[in-house]
Amino acid sequence: MKSKDKARTSEMMAGILFACTKDYKFLHSAHMISDAIIKAVKYEVPGIGDYLEGRMKTPTNLPNLNQ
């Protein structure tokens with residue numbers, strides 16, 4: 001497999017992983033995947049925008065400190 005093909009395959013696999021985790025209610029390992037998210041944005045991994053949009057939700061299991 002050529003280098004470009006390997007890179008494209010890696011991008012597609014990363015996109016699938018982000019797509020499968022974007023709707024988790026609470027992402028326990030968020031601190032561990034921050035580097036991967038930064039790289040995904042840098043390399044324009046397909047679906048990273050949807051992943052980030054999906055993570056921007058109000059937590060339902062934590063107290064609302066804005067009251």
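The values are calculated or read from the model by the stated rules, or taken from the named source; none is laboratory data. As the structure is a prediction and not an experimental result, all values here were calculated from the model. Heads up, the Cβs are rebuilt from the backbone with ideal geometry, glycines too, and the neighbour counts pull from every protein chain shown.
Per-residue answers, yes or no, for (1) of a type in the set (Asp, Glu); (2) part of a loop (DSSP other than H, G, I, E, B); (3) modelled with pLDDT of 75 or more:
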residue: Thr9; (1), (2), (3): no, no, yes
residue: Ala14; (1), (2), (3): no, no, yes
residue: Leu27; (1), (2), (3): no, yes, no
residue: His31; (1), (2), (3): no, no, no
residue: Asp35; (1), (2), (3): yes, no, yes
residue: Ala40; (1), (2), (3): no, no, yes
residue: Pro46; (1), (2), (3): no, yes, yes
residue: Leu62; (1), (2), (3): no, yes, no
residue: Asn66; (1), (2), (3): no, yes, no
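In the stretch 37-67, the residue that is surrounded by the fewest Cβ atoms within 10 Å (Cβ to Cβ) out of those that are among the hydroxyl-bearing types (Ser, Thr, Tyr) and more than 30 Å from Lys4 (Cα to Cα) is Thr58.
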